[in-house]
1. Does the range 48-66 hold any residues that are over 19 Å from residue 11 (Cα atoms) and either at pLDDT below 95 or crowded, with 18+ Cβ neighbours inside 10 Å (or both), and which are they?
2. Working carefully through the options 123, 195, 205, find the one that is surrounded by 22 or more Cβ atoms within 10 Å (Cβ to Cβ), touching a residue at least 40 places away in the same chain (Cβ under 8 Å) and either touching a helix residue (DSSP H, G or I) at 6+ places or on another chain (Cβ under 8 Å) or assigned by TED's automatic domain parsing to the domain that holds residue 66 (or both).
3. Out of the range 159-190, which residues are more than 20 Å from residue 118 (Cβ to Cβ) and within 19 Å of the chain's Cα centre (by Cα)?
4. Spot the failing condition for residue 136; the list is (1) part of a helix (DSSP H, G or I); (2) touching a residue at least 60 places away in the same chain (Cβ under 8 Å); (3) more than 17 Å from residue 191 (Cα to Cα), and only one is missed.
């Protein structure tokens, strides 16, 4: 096999939410693969910390503080990247996540949903992918090449209790990914691709209280998840990196509009 088709070294990648766990893992894997990485996050201290960590591996790291929901800040970031490195080859939209107050407790009804928090979680997860895709994607259209990878979710593939706002937003991200893939290919050529990963279940700070009891045992929700996961385990966040790099490489050059589950088989298993 020609291993060079998987090579993404020397490409320039923007990773939104790179100061977080998911974005940080992907950014680190990119740096280790020889990619020039832009760490984009909304909190300067968090961005600076991530940049310092990554610069222990490579000098080809640029930190930019910008809110993915602020078009003006994204446009400034875009210009800074172009003036520094001349192009943008990869955009990975990792900014997002659920909001604690937008998760229904087991004894709550949907009619008790805080609509302000609903708006917040939908805005963060949907427009947090749409806005960067439009700003950085425009530069890709002008150079007639580039790859965008969004982050969908298992919650977008089937109804999941307790997370209505997050689910709706990620379902919209899935649809937007497919729509933008079509738009880019038909209007700007086959060298611009748009795909998404759909992570399965990973234990992190955002969901730890939902999946792990205070005594360290699994919650009922965790047991339900593992019962429907053929691999019978939660994923490790690093297990998303290979899927992202594959989608960004020439090995995937005829793949666009795909939502790739990385879930231990959760999405395909009937439970029987």
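The values are calculated or read from the model by the stated rules, or taken from the named source; none is laboratory data. Everything quoted here is computed from the prediction, not taken from an experiment. Virtual Cβ from ideal backbone geometry, glycine too; neighbours counted across all protein chains shown.
1. 50, 66, listed by residue number.
2. Values: 123 fails: surrounded by 22 or more Cβ atoms within 10 Å (Cβ to Cβ); 205 fails: surrounded by 22 or more Cβ atoms within 10 Å (Cβ to Cβ).
Residue meeting the stated conditions: 195.
3. Within the range 159-190, 177, 178, 179, 180, 181 qualify.
4. Here residue 136 clears every test but (3).
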